[in-house]
Every structure is written in C-alpha cells, then in structure tokens.
Amino acid sequence: MTTIRKSHILKLDVSGKFAINVVDNLIIVHHQTTKTSMIFDIMLPGISDGTVMHHTSVAPAKPIKPYSLKVPGTTLSNETYQSCQLYSPNWVVFQPNIIIDAKLGCLWYIELKLESLVKLITDKVLLVEFLMQRTNTKYILIHVLQNFMMQLPISLMDMPIIFDKLNSVYRNYLEDEIQNQMGTPLQNTMKTKAW
C-alpha cells in the first residue's frame, strides 16, 4: 500500500484563490487576487525543517502576457481586438498547462518564455541550475554563460561553482552513455539529465 506524505511546501506569502499548472517540470501558481503567477522549481535547493522542504518562487511574481481576441466586425475589414481579462473568475485550469475561460469559450496553453525569465533571476548560480533542468535551453544557457564571462571580475566568485555544476551534469551524462554502450547496469540511481 502506498502512503502519501508531505515533502514540499511552496511559500506563496499571499492568500486567496489559486490555480496550478505544470510546465517543463515547474509548478506555476496563479493568484487571482493579485493577478500574478509565481514559478516554483522543487528540484532547486530549498530550506528544510527536517521533514519538509520549503520553496520560494524562483523569480518575482509577474502577470501572464496579456492576450487579445480578434472580434469580427460588420464587415471582414472591420475586425477589432478585445483584450481578455487575465485571472478571470471564469477560468478553469487543467493539467498540465491548460487554461479555459468558460465565458469566452477560449482555451490557452501556458508556455514559458525562458529568455524573459532569465532576466528576472538575479542569482547566477541559481539561474544556471534552473536552466540546466529545463528542456531545450542549451543555447540560452550558453548565452547566459557568455554574459557572465563578459561581467568578469564581478561574476568571478560564482564561476567555479557554476562550472562545477556543469561538469557534474556532463560527467553523469557521459557515464550514462558509456554504460548504455557497454550494456552494464546503472550504478547511480539518482541521475541528472544533461541539457
């Protein structure tokens, strides 16, 4: 029999109605009252109280990008745009990344814009850890590392930690490749994916 136990707590610091989506292994919490969304990555280090890991948002809470609907006019050339109410009480959220506005009859998929999100994460080590766990971020990560190198000597203190993390992930990837080619069983059950 499987038991459920609480292992992670997301620190929201607000109360009211929430909805949750999951995108690229990130938990996105939408808060209706403040009309903002918070992004949590439970694979990043948090603060442990001995039994449960507490997590804060990886970036400041921000609203979803506004969306406008094309509304037909009396003629085809007379179309207008009507902005949609974000965080509407009419929203119904489905997993993993779907939001439906029942009143408008619209369905949206939540997607991450990592290029914009990168600018909001100020901790360089945290940013690299965050990007290494996302899909299709190789070029974004390389661009971020190039920017860090251009900021030398300011970023010099963080670079050894960053490259240790990159080397660790790459080493695990190479070990997996060697084991796959040789047909030997995996020795390390906890593997980090290589980007």
How many residues of region 85-106 are among the aliphatic types (A, V, I, L, M), touching a Phe, Trp or Tyr at 6+ places or on another chain (Cβ under 9 Å) and surrounded by fewer than 18 Cβ atoms within 10 Å (Cβ to Cβ)? The answer is 3
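So that you can scan it fast, the table gives a plain yes or no per residue for (1) part of a loop (DSSP other than H, G, I, E, B); (2) closer than 30 Å to residue 140 by Cα:
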| position | (1), (2) |
| --- | --- |
| 2 | yes, no |
| 5 | yes, no |
| 9 | no, yes |
| 19 | no, yes |
| 28 | no, yes |
| 57 | yes, yes |
| 64 | yes, yes |
| 87 | yes, yes |
| 103 | yes, no |
Check whether at least one residue in region 76-84 is among the small types (Gly, Ala, Ser), surrounded by 14 or more Cβ atoms within 10 Å (Cβ to Cβ) and not in a strand (DSSP E or B), and report yes or no.
no
Which numbered condition trips up residue 131, out of (1) part of a loop (DSSP other than H, G, I, E, B); (2) in the same structural domain as residue 155 (by the TED database)?
(1)
Filter region 105-119 down to residues that are among the aliphatic types (A, V, I, L, M) and in a helix (DSSP H, G or I) and give me whichever is nearest to residue 16 (Cα to Cα).
117
In region 45-55, which residues are part of a loop (DSSP other than H, G, I, E, B) and either closer than 15 Å to residue 21 by Cα or in contact with a strand residue (DSSP E or B) (Cβ under 8 Å, 6 or more places away or on another chain) (or both)?
46, 52
Exactly one of these conditions fails for residue 122: (1) of a type outside the set (Asp, Glu); (2) loosely packed, with under 11 Cβ neighbours inside 10 Å; (3) assigned to a loop (DSSP other than H, G, I, E, B); (4) not assigned by the TED database to the domain that holds residue 147. Give me its number.
(4)
In region 137-162, which residue that is in contact (Cβ under 8 Å) with a residue 24 or more places away in the chain and either in the same structural domain as residue 43 (by the TED database) or in a loop (DSSP other than H, G, I, E, B) (or both) is farthest from residue 43 (Cα to Cα)?
155
Give me a count of the residues in region 1-31 that are out of contact with any strand residue (DSSP E or B) (no Cβ under 9 Å at 6 or more places or on another chain) and in contact (Cβ under 8 Å) with a residue 24 or more places away in the chain.
3
Can you tell me which residue within region 66-75, out of those that are in contact with a Cys (Cβ under 9 Å, 6 or more places away or on another chain) and part of a strand (DSSP E or B), is surrounded by the most Cβ atoms within 10 Å (Cβ to Cβ)?
69
Taking the condition modelled with pLDDT of 90 or more and within 18 Å of the chain's Cα centre (by Cα), does residue 140 pass?
yes
Collect the residues in region 56-68 that are under 21 Å from residue 23 (Cβ atoms) and among the hydroxyl-bearing types (Ser, Thr, Tyr), keeping them in residue-number order.
56, 57, 67
Given the structure, is residue 164 touching a Phe, Trp or Tyr at 6+ places or on another chain (Cβ under 9 Å) and modelled with pLDDT under 95?
no
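The values are calculated or read from the model by the stated rules, or taken from the named source; none is laboratory data. If you're wondering where the values come from, they're calculated on a predicted model, not measured in any experiment. So basically every Cβ, Gly included, is an ideal-geometry build from the backbone, and we count neighbours across all protein chains shown.
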